[in-house]
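Contents: one structure, followed by commentary.
The values are calculated or read from the model by the stated rules, or taken from the named source; none is laboratory data. The structure presented is a predicted model; accordingly, all values stated were derived computationally and were not measured. Glycine gets a Cβ as well: all are built from the backbone with ideal geometry, and neighbour counts include every protein chain shown.
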There are 2 protein chains.
Amino acid sequence: MSVQERKGRERAERERLIVATARDLAEQQGWDAVTTRRLAECIEYSQPVLYSHFRGKREIIGAVALQGATEMAAAVRAATDAMGRPRERVAALARTYLDFAARNPAVYDALFQLDGGLAYAQEGTPQPLKDAFAALLECLSEVAGDDVDPALFTEVFWASLHGLVTLTRTGRLLPENTEPRVELLLDRLALL
Amino acid sequence: MSVQERKGRERAERERLIVATARDLAEQQGWDAVTTRRLAECIEYSQPVLYSHFRGKREIIGAVALQGATEMAAAVRAATDAMGRPRERVAALARTYLDFAARNPAVYDALFQLDGGLAYAQEGTPQPLKDAFAALLECLSEVAGDDVDPALFTEVFWASLHGLVTLTRTGRLLPENTEPRVELLLDRLALL
DNA sequence: CTCGATTTCCTAGCGATGCTAGGATCGTGT
DNA sequence: ACACGATCCTAGCATCGCTAGGAAATCGAG
């Protein structure tokens, strides 16, 4: 038994290595640079080994996305829990979200832009994704307003942040005015 | 002279054909299906001909984007001009925007998602792009509020719509609740 | 009308990509 | 010591964006 357990551990360890390496590579040189060959060379195995862990590149992206979702949920909760008044809480949420996207662009892409083969907003949605949305919901439901469904409000607020992130990162919006844009969102959407 | 003029016309005509074909192909099978080989075969020329018109695939995407920007600007103006009250105007803008994105997903991607090699929000930004933003600005500046910069407000409103479009199309948001989400944007962001 | 010069275009090929088939190699249990 | 199974790598396929180099068609001058 012990031998098989060790093999299992080593396999799991190698899988973590693949995901971590893919993430690093994507973060440093972009997802286009994450080719199966380069990735295989970085982990010092041949390409086919990747396919014994994942169906393909998509699933690797998906694995990075799940990792990112967990981290983002934690970051949002940590930032919002420490705040007192609602306005500060929501402001912290927005800034944490934008900051996460700015600091981890590749992870953000894996989560919300690329196809990682994950199910969203459905029955079979992985827990980390549900939890990330829940983290937003927890903070935002208190400012949704009485006649607005908290989940709906969270979706719209999230979409607004997501729009700012993607348009800014692709050069469609200038990064200089990010702060006033966030203020506007807080003032108007969140009625604060 | 006449001979050269005819040649020039034929070249321009072929260039239009390339852009139109790329757009059709992308709209029907997605941008991934728009390969230089397929595109060349559709227009009944060899691949190198494409490179005598465009530097590469990026520029072809850019050409489709410019076409789309012109159409979107026209659609937004047509929809908003016909409306009387501000609330109806902004509602028409939002719905026209989402409708355009839904009906022309590939063009929308070329405009706001893919890299078409175009300059945005800068000095050298092509006129169609500036004009598309101007179309939004014209309608939205009247509801920005007194103490809010109209351009800033337009950016935020646009980003919100863009977020809804992209998250919905990639399955991150369910399409069912699009209408109430828009209503929420109108009520809160646009104070209507 | 002919013939060199120029433009126009296509065939063929390069280095990559994601992914897979097949066999070699290693470790295991008897 | 040996045979069996799991493990892994070499080599290859089809496809991608893009380009070099020569064939073919067209043009202008004598």
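Checking the condition within 16 Å of DNA strand D (Cβ to nearest atom) and of a type outside the set (Val, Ile, Thr), which residue from A:Phe54, A:Phe100 passes?
A:Phe54
How about region A:161-179: which of its residues are among the hydrophobic types (A, V, I, L, M, F, W, C), assigned to a helix (DSSP H, G or I) and either within 8 Å of chain B (Cβ to nearest Cβ) or without any contact (Cβ under 8 Å) to a residue 60 or more places away in the chain (or both)?
Hits for region A:161-179 are A:Leu161, A:Leu164, A:Leu167.
Only one of A:Arg58, A:Arg95 is under 30 Å from A:Ile18 (Cα atoms) and charged (D, E, K, R). Can you tell me which?
A:Arg58
Looking only at region A:89-136, count every residue that is at pLDDT below 95 and not small (Gly, Ala, Ser) and tell me the total.
2
Which residues, taken from region A:1-33, are under 19 Å from A:Glu44 (Cβ atoms) and within 14 Å of DNA strand D (Cβ to nearest atom)?
A:Lys7, A:Arg9, A:Glu10, A:Arg11, A:Ala12, A:Glu13, A:Arg14, A:Glu15, A:Leu17, A:Ile18
Looking only at region B:22-49, count every residue that is within 14 Å of chain A (Cβ to nearest Cβ) and more than 13 Å from DNA strand C (Cβ to nearest atom) and tell me the total.
Count: 2.
Among the residues that make up region B:70-80, is at least one of them near DNA strand D (Cβ under 9 Å from one of its atoms) and surrounded by 12 or more Cβ atoms within 10 Å (Cβ to Cβ)?
No, every residue in region B:70-80 fails to be near DNA strand D (Cβ under 9 Å from one of its atoms) and surrounded by 12 or more Cβ atoms within 10 Å (Cβ to Cβ).
Could you tell me which of the residues B:Ala190, B:Ala94, B:Ala144 is more than 11 Å from chain A (Cβ to nearest Cβ) and buried (at least 16 other Cβ atoms within 10 Å of the Cβ)?
Sole residue among the options that is more than 11 Å from chain A (Cβ to nearest Cβ) and buried (at least 16 other Cβ atoms within 10 Å of the Cβ): B:Ala94.
Output yes when any residue across region A:40-48 is away from DNA strand D (no atom under 11 Å from the Cβ) and of a type outside the set (Val, Ile, Thr), and no when none is.
yes
A:Phe112 passes all but one of (1) among the aromatic types (Phe, Trp, Tyr); (2) more than 11 Å from the chain's Cα centre (by Cα); (3) closer than 16 Å to A:Phe157 by Cβ; which number fails?
So A:Phe112 meets the others, but not (2).
Assuming B:Ser52 fulfils every condition listed in (1) surrounded by 12 or more Cβ atoms within 10 Å (Cβ to Cβ); (2) within 12 Å of DNA strand C (Cβ to nearest atom); (3) of a type in the set (S, T, N, Q) apart from one, which condition is it?
(1)
The conditions are (1) closer than 29 Å to B:Gln29 by Cβ; (2) touching a residue at least 12 places away in the same chain (Cβ under 8 Å); (3) within 10 Å of chain A (Cβ to nearest Cβ); (4) out of contact with any Lys or Arg (no Cβ under 8 Å at 6 or more places or on another chain), and B:Asp109 fails exactly one of them. Which is it?
Failing condition for B:Asp109: (3).
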